[in-house]
Every structure is written in C-alpha cells, then in structure tokens.
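First the structure, in the form of structure tokens, and then the observations on it.
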Amino acid sequence: MKIYVCVKHVPDSAAKITITGDNQIDESVTYLMNPYDEHAIEEAARLKKQVGEAEIIAVSLGKADAANTIQSALAMGADRGILVTTNDRPDSLMTARALKAAIEQDGRPDIIFTGKESIDSEGSQTMYRLAAALDMPAASGVESFAFKQGRVVVECDLEAGAREVIELTVPCVIGCGKGLNKPSYPTLPAIIKARKKEVQQIDLQSLQIEKPAGRIEILELKSAVETREPQEVKGTAEEIAGEFVRILREEAKVIS
C-alpha cells in the first residue's frame, strides 16, 4: 500500500507576524508543519501498523526551507519525502496540480492524507482540488477513520456537534481534523534516523504543469484589529444570568 501525506510549511501561529510591503510577511519568523497535517501523518502511521506492508511518503510544495517540515514528517513516521520547490506563492489550484503531478510521477496512491486546512490561508480547498484532479472521493473534517476490506469509513465533524458517516472506496483523499488522533511526537533517535531517509527535491517548473486559466493572488494583507471592549455585568446571580441571555439574544443574535 502506498500512503501519501500532503504537508505544508506554515508560520508558527504563536509567532508575531509582521507584514512587509502590501502582501508579504517577514519570513524570519519560525515556520513549522501545519498542525492539522500532524494528525494526517499520525493516522498514516497507524494505518501502516494495521496493514503491515505499506510505505508512507510525505509530499510538500514550497520554498527550500520546507524541507524542515518534510524532516518533521519523516521523524513522525514517514518513510521518505518529496519536496516540490518554488519561490512563488501558488494558489490552491496550482498547489493541487503540483501535488498531483509529484504523486503520479512517484507511483499510484492508495490513500492520500492531508490536514483539513492550513492555518495560514485557511482556504480548505487544496484537498478537494487534489481529489478532483485525481478523480478520487474525498472527505474532510475527519474525526474517526477505519480501513476495512479495501474500503474506508470515516466520521466527519459538522456544525453544532453533529457528525456525518461516509464510506469511501480507495483510492481516496482524507482531510484530517484535530479530533482524529493525538500525534506521537518524535523521540531524539527518531529525529536522528529521519536525517538518513530519502528526500527527493523536484523543481516545480520541471513538472511542466499546465497553467490554470485563472488564479487567486493576494493583493493586500492587513493586521487584524481588535475592536471588542470588555463590559462588566453586575447584580444578583439571577440579574446577571438574565443580562447574559439578553446580550446573546439581542446583540449577539445567537439565540432566539
């Protein structure tokens, strides 16, 4: 079984992000693997233990330093890595086409794991575009995964705590949520061993991908401005509870 895991190199959400120019950020901040992708790697490792004969290949598209995220994936259980390098900022459509080309050049996937979204752009489009390009079924927000007799059964998180159960044929694309598992972070021996694993680097231009008719471009970035002001509610317990209900009903409009 060939299991591919798509991982993304993203800025640390705990870092202070500084905007430079109109649409760039200061890239001297710490970068790491997209947190949702950690759950994808963990689930791939669990599936490999279940089926026995399997290979996990971590695939990423990004600048040269995205090799650090590939190394993290290798330390967490991937067997080898593929990094498609580019200095551009491709949108989700071009990213999906690049991942498709790299995967198809490498072999035939049985299952592709991804995170349900990336914490930098939060577009939640790439996995669907990849599945469409490969003509595979897909499920996102996956909180439960089971592989039985060549089929996949997943539970997907919906709004208001509801869940949807989906059965998929393989090959398929699975977008992992944080409730799916608890990632097993690598030990020092695993990190050292990962340095000896193969990482293939492919220049994006060499894949000769057909350019999409349209594309998405970030024109301007702006810092989020916090406009909320704290408000103290006083009175008895009953009065405070009543005021909370009023605020939720009349101001927040989240209850009727």
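With both bridge residues required to lie in the range 56-207, what share of the DSSP beta bridges run antiparallel, to the nearest 5%? Expressed as a percentage, antiparallel bridges in the range 56-207 total about 40. Note on the chain: antiparallel DSSP beta bridges, both residues inside, total approximately 40 percent of the bridges counted. For the chain, the longest principal axis of the Cα atoms and the long axis of helix 237-246 meet at an angle of about 60 degrees. Basic side chains Lys and Arg get +1 at the Cβ, acidic Asp and Glu get -1 at the Cβ, and with that the dipole of the chain about its Cα centre reaches some 980 debye. Using the alpha-carbon centroid of each, what span in Å lies between the range 223-256 and the range 157-208? Each part's Cα centre sits 40 Å from the other's.
Counting 0.36 nm for each residue step from ARG151 to SER28 and taking away their Cα separation leaves a gain of 39.9 nm.
The residues packed around VAL29, meaning those with a beta-carbon under 13 Å from its beta-carbon, carry a net charge of -4 if Lys and Arg are +1 and Asp and Glu are -1. Only one residue of MET136, GLN231, TYR36 has its Cα farthest out toward the positive end of the dipole of the chain, where Lys and Arg carry +1 and Asp and Glu -1 on Cβ, and that residue is MET136. A dipole drawn for the range 150-241 from +1 and -1 charges on Cβ atoms has a positive end, and of LEU219, PRO186, ILE209 the residue lying farthest that way is PRO186. Accessible surface computed residue by residue for the chain, with neighbouring protein chains in place and a 1.4 Å probe, gives 59 Å² per residue.
Expressed as a whole percent, the accessible area of the chain that falls on carbon and sulfur atoms is 48 (1.4 Å probe). Separation between the THR20 and LYS49 pseudo-spin-labels, each 7 Å from Cα along Cα→Cβ, expressed in nm? Once both label points are built, they end up 4.3 nm from each other. Label separation (SER184 vs ILE240): 4.6 nm, computed from points 7 Å beyond Cα along the C-beta direction. Where (1) 1.05; (2) 0.93; (3) 0.96 are the candidate values, the label of the one calculated here for Rg/Rh (Cα atoms, Kirkwood Rh) is (1). Of the trypsin sites (Lys or Arg not before Pro) found in the range 1-100, the ones in coil according to DSSP and having at most 10 other Cβ atoms within 10 Å of their Cβ are LYS16. For the range 97-193, the gyration tensor built on C-alpha atoms gives a rounded shape. Its axis ratio a/c (a ≥ b ≥ c) stays under 1.5. The simple spin-label model puts a point 7 Å past each Cα toward its Cβ; for ARG249 and ASP65 those points are separated by 5.3 nm. Along the chain, the longest continuous region that contains none of the GluC sites (Glu not before Pro) in a DSSP loop with at most 16 other C-beta atoms within 10 Å is 123-197.
The values are calculated or read from the model by the stated rules, or taken from the named source; none is laboratory data. Just so it is clear, the structure is predicted and the values come from calculations on it, not from any experiment. Here the Cβ is made from the backbone with ideal geometry for all residues, glycine too, and neighbour counts use every protein chain on show. Accessible surface areas use protein heavy atoms only, side chains included; no ligands, DNA or RNA. Shrake-Rupley method; radii C 1.70, N 1.55, O 1.52, S 1.80 Å.
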